[in-house]
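Reviewing the structure listed below.
Read-outs: derived from the displayed coordinates by stated rules, not from any lab. Since the model is a prediction, treat every value here as computed from it, not as a measurement. Ideal geometry is used to build each Cβ from the backbone, glycine not excepted, and the neighbour counts take in all protein chains shown.
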Ligand code: AMP
């Protein structure tokens with residue numbers, strides 16, 4: 001049994017009204033001489049210059065489990081060298097610097113160095129194939145990419161002709177420059193000084209570019225600013241309950257927003273130790289890392305939790321996990337069963353929280369200080385004004401009544417709000433109505449102020465005049481003892497608008513049969529009522545997902561209806 005977290009929540013602002021962004025801002029330093037606010041300074045240099053210089057900032061776990069540690073001073077020096085390298089290469093404020101790297105130390109050096117230089121850092125997911133990589137480099141007009149020789153040769157070299165803005169590719173595993181454009185990263189870094197003065201940085205200066213997961217439509221480039229660091233600090237403190245001695249592990253890849261906001265910035269800005277694992281998901285490996293690194297706060301995803309739930313492992317009996325005090329999850333709906341599994345297995349519930357690329361940081365969360373309602377995303381954080389709205393082309397009405405499903409909207413002005421979609425002002429403007437940002441997610445708020453996820457606005461099903469959220473149906477199906485995973489779509493029907501259709505992955509050892517199908521339908525009808533339960537069920541071997549683990553319902557729908565499959569750049573193959 002692990003010891004649940006308590007401290008930051010004892011005085012949790014959710015329980016009081018004392019919260020203000022101005023007060024929280026006092027916990028950041030700001031650049032010396034009033035020169036503004038820079039993410040890398042808050043995350044690294046201020047700690048390196050102070051009492052935490054020799055504190056471990058990064059624990060990097062190699063595939064063979066050996067650990068390489070970097071102190072805050074190490075990170076300060078490395079990132080300053082990279083900032084100097086960017087200067088030497090003629091990179092200016094606002095230029096886009098990308099990484100196409102796995103979870104290795106160079107990625108963190110480059111990200112922090114680019115932020116120091118006031119360039120815009122854009123991580124590209126290393127598992128992307130050539131076309132999505134090149135598309136993003138073109139869209140971003142990227143000036144620099146840092147990558148490996150293998151990645152360069154496979155994904156970038158064949159398309160150099162399509163990348164006129166790309167000044168240099170920096171190769172981390174080549175000792176010599178290849179030509180004037182393709183340079184050796186180690187050779188360049190070797191020549192650079194560890195002294196760098198961060199230029200004046202406004203909180204409104206662009207810092208990060210994240211291409212969203214593209215669950216709907218083409219990927220969009222969301223731009224975030226240096227002022228977002230306040231959100232990272234606040235959510236680290238109140239949601240993840242960071243304490244000075246914490247060891248934090250965020251399992252998300254920095255190719256996605258969670259991996260930068262929480263796998264890089266939030267823990268460092270809080271001055272704690274951040275674990276980075278080079279390798280991919282493996283249940284035994286993950287438990288071993290939790291044990292070996294004495295992880296105290298673990299931030300992961302529902303997909304990972306579901307995979308762990310399926311294994312016949314008794315983590316607290318087989319591993320020493322006494323350091324673990326808090327488990328949080330984000331990215332897709334966390335079914336009630338997973339929350340309860342945390343409680344049963346570790347003695348702490350898995351705390352679901354909600355946010356998206358555009359919000360830049362956690363907006364709605366469960367915390368240990370409040371009663372967790374399994375299946376709910378929790379309550380809005382202090383300083384975040386969230387509402388449910390009825391949104392149509394010409395209308396926008398806030399809904400005050402509890403239990404009504406509508407679009408989740410957030411009042412403009414939180415520190416990590418995205419400030420643009422790259423080269424697409426019209427699309428950005430479309431996300432706002434007056435003071436409100438429209439998230440595109442459908443949710444309900446209950447009478448106690450908890451928010452419940454219903455589905456993406458574009459996934460919603462209308463059947464016999466009833467709004468049916470796929471998540472609700474999927475959750476019910478998941479409760480059936482034969483079901484491993486389920487995805488639900490609306491299939492057009494001439495009589496009732498749409499019928500609810502489910503795609504079901506059965507648990508290992510269960511054979512698909514008419515009897516199993518009827519049994520699941522009966523279960524769903526009982527749980528949901530006949531108006532909401534699926535009318536059709538297809539058994540499938542797996543569900544199409546984005547590389548970040550979200551079910552691509554639109555792809556299931558397109559395939560079902562024989563329609564064009566659209567952008568598949570984020571599809572997990
Ligand atoms: P992304 O921008 O790729 O991070 O995806 C954000 C989207 O993931 C949100 O708009 C939601 O649709 C979904 N999402 C994130 N967190 C949750 C959650 N806790 N519950 C349900 N859906 C979530």
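Things worth noting here:
- Rel. contact order, % - alpha carbon contacts under 8 angstrom, at least six apart, the chain: 12 percent
- Principal-axis analysis of the Cα atoms of the chain puts helix 336-346 at an angle of about 60° to the longest axis.
- C-alpha long axis of helix 514-528 to longest principal axis of the chain, angle in °: 90 degrees
- The chain, Rg to Rh (Cα coordinates; Rh as Kirkwood inverse mean 1/r): 0.96
- Percent of C-alpha pairs per 5 Å bin in the range 239-358, short distances first: 2, 11, 23, 27, 22, 12, 3, 0, 0.
- Added length on full extension, which subtracts the Cα-Cα distance from 0.36 nm per residue, residue 424 to residue 292: 42.9 nm
- Kirkwood hydrodynamic radius computed over the range 426-506 comes to 14.5 Å, based on all pairs of distinct alpha carbons.
- Comparing the range 460-561 with the 2.2 N^0.38 Å rule of thumb, its C-alpha radius of gyration ratio is 1.01 (two decimals).
- Using a cutoff of 8 angstrom between alpha carbon atoms and counting only pairs six or more residues apart, the relative contact order for the range 460-561 works out to 28 percent.
- Additional length obtainable on full extension of the chain from residue 69 to residue 567, 0.36 nm per residue less Cα span: 175.3 nm
- Over the C-alpha trace of the range 137-242, radius of gyration and Dmax come out as 17.7, 49 angstrom.
- For residue 433 and residue 176, the FRET efficiency from 1/(1 + (r/R0)^6), where r spans their Cβ atoms and R0 equals 56 Å, is about 0.50.
- Counting all C-alpha pairs of the range 327-481, share separated by more than 26 Å (%): 27 percent
- The modelled label-to-label distance for the pair residue 511/residue 154, using points 7 Å beyond Cα in the direction of Cβ, is 3.9 nm.
- Highest-first packing order for the peptide set 264-274, 306-316 is 264-274, 306-316, based on the mean count of other beta carbon atoms within 10 Å.
- Residue order, fewest to most surrounding Cβ atoms within 10 angstrom, among 19, 242: 19, 242
- Ordered by the number of other Cβ atoms lying within 10 Å of each residue's own Cβ, fewest first, 96, 178 fall into the sequence 178, 96.
- Crossing angle, helix 229-238 versus the chain [Cα axis fit, 0-90 degrees, rounded to tens]: 60 degrees
- The mean sequence separation of alpha-carbon pairs under 8 Å and at least six residues apart, normalised by the residue count of the range 299-431, gives a relative contact order of 16 percent.
- Counting other Cβ atoms within 10 Å as a rough exposure proxy, the listed residues 341, 256, 298 run 341, 256, 298 from fewest neighbours to most.
- Spin-label proximity, residue 19 to the range 300-337 - amide N less than 13 Å from point 7 Å beyond Cα toward beta carbon: none
- Overall dimensions of the range 517-573 as given by Cα atoms, namely Rg and Dmax in Å: 14.0, 39
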